[in-house]
1. Within region B:158-168, how many residues turn out to be free of Cβ contacts under 8 Å to residues at least 40 places away in the same chain and surrounded by 10 or more Cβ atoms within 10 Å (Cβ to Cβ)?
2. In the list A:185, A:218, which residue meets the criterion of being under 24 Å from residue A:62 (Cα atoms), touching a residue at least 24 places away in the same chain (Cβ under 8 Å) and surrounded by fewer than 23 Cβ atoms within 10 Å (Cβ to Cβ)?
3. Within region A:111-130, restricting attention to residues that are free of Cβ contacts under 8 Å to residues at least 12 places away in the same chain and touching a helix residue (DSSP H, G or I) at 6+ places or on another chain (Cβ under 8 Å), which residue is farthest from the other protein chains (Cβ to nearest Cβ)?
4. Could you tell me which numbered condition residue B:91 fails, if it satisfies all but one of (1) more than 30 Å from residue B:223 (Cβ to Cβ); (2) touching a residue at least 40 places away in the same chain (Cβ under 8 Å); (3) surrounded by fewer than 18 Cβ atoms within 10 Å (Cβ to Cβ)?
5. When the residues of region B:200-232 are narrowed to those that are crowded, with 21+ Cβ neighbours inside 10 Å and in a loop (DSSP other than H, G, I, E, B), which ends up nearest to the other protein chains (Cβ to nearest Cβ)?
6. Could you tell me whether any residue of region A:83-97 is away from chain B (no Cβ under 14 Å) and assigned to a helix (DSSP H, G or I)?
7. Checking the conditions here, which among B:188, B:149, B:175 is out of contact with any helix residue (DSSP H, G or I) (no Cβ under 6 Å at 6 or more places or on another chain) and either assigned to a helix (DSSP H, G or I) or not assigned by TED's automatic domain parsing to the domain that holds residue B:234 (or both)?
8. Test each condition in (1) in a helix (DSSP H, G or I); (2) away from every other protein chain (no Cβ under 14 Å); (3) surrounded by fewer than 17 Cβ atoms within 10 Å (Cβ to Cβ) for residue B:302 and report the one that comes out false.
């Protein structure tokens, strides 16, 4: 079966200026996202993992047009969207919604839940108040709340409930792609499972495509179809979940996976402890971004950026060890 | 809401009682003798003594206070030592002038101030921001008396457009309104800018953008309305200040408001009038604070009162 690409990033880079000279010109740049490329297929869950500061949230915001890339292309449903104007982007947002990390912060405290959820409808459709209310109540039910919650304010809800509201809000306009930026990391573990199950249920029901951004490898293993591992703003490895967890190729992925705890105290697991510090994103290393901490580092790793190679079908890695 | 307001109004009674004690005692600490001033320079000691007796100034302080408070509960603040007019009447006649001035200042200043602040925040780091904040700093640094005198010099003396004193028509209100409003405008511009900048960083503003909301609505509904809470606090304090602090404006433009009455009364040691004025000023502050607290709930449902 041929899979449809819904979202495609091609060599996307983003830098942020830091520091200012006397004339107000930035003196340095943080290289947050470097030369990132991947495809996301319709109906799948594509996860981006990596440690804090590796550029995964920035990537999410680039896709959502909350940030504009410095270079590269972002294709969504066959349209290049990275450099279009906000006005041109607005209708596209109907098909691409985002769930944010902090459920409390991302809901306007002055607005009732019904107003928060129906706002996208006001923007993207011209439904009557009744039609909107019907959709809002239905969505509240879908995410496990009830219509009596509609007239309340965000502060009257618990963290998990707030995230449900955030999810309902993202689903109002029937998007095709949902970017979930650490949607559960602010929640209690027990609530995390509930919200994950909800996300899974919604995906099946509405044929959603998720871009799931997370640092939690056990969560990612549970929900993903394919995974991209990011390090220092680079995608170092992309693979279907089973391949990645069974045969991680990049030394960084190996180290990352070895850190996932196994819920069995009798099993002993060899951990790969990374030494050294993450290089500064201001002065990127010349060679492989991971070279300074890599046990298998070779001379060429310090000199040359590794190209992305497809080692087995669908399994991409950017590492000199696998150069053809 | 109604219960909350009623409770707060009841709470003002003990508060005002405490304020009255302070006001009363401090006034009597001011050196000087009203009886002597009232009797004139050539009065004999007997005449002065007679006046003291007449106004009860020889009674022990506690009895004077008790008499005053009993009168106060009957709505009687005593009579002015100087003019023998009842204090309530005197203050009321002056209050009408002051309230005109305050309104003249409030007609434009808060709106312009908030507008400047919000625009500066939205256009942060641009010339708009720089210009707006320059204006605000100028407004804050220019003392009221200087502004007033410059205004008179320019608009009244040179151009002959506006009257320099008194309160006859709306034209007489223009210059006082400028003096009264400039400080408020500048203060609010600075506060609303920083408050708006803070709100713009909030996650829900980003959420609104991600929904595809128009930038103007993101700014107004999501950012501006949430940034109002700090602004309302400052505005409340400023209005309280205006009501009692129009002394300078009233003096420059020879407007017989409460501020001038206060200055005159202090130089005459007109105890009942000073007391009455200070009590009214305190009451104004208390009431404005109550209004501000109620407004908080309107702005932010999180602190809605019950």
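The values are calculated or read from the model by the stated rules, or taken from the named source; none is laboratory data. What you see is a predicted model; the values in this text were computed from it and never measured. All Cβ positions, glycine included, derive from the backbone under ideal geometry; neighbour counts span all protein chains shown.
1. So the answer is 3.
2. It is A:185.
3. Checking each candidate, the answer is A:127.
4. Here residue B:91 meets the rest and fails (3).
5. Ranking the candidates gives B:212 first.
6. no
7. Details: B:188 fails: out of contact with any helix residue (DSSP H, G or I) (no Cβ under 6 Å at 6 or more places or on another chain); B:175 fails: out of contact with any helix residue (DSSP H, G or I) (no Cβ under 6 Å at 6 or more places or on another chain).
Answer to the check: B:149.
8. Exception for residue B:302: condition (2).
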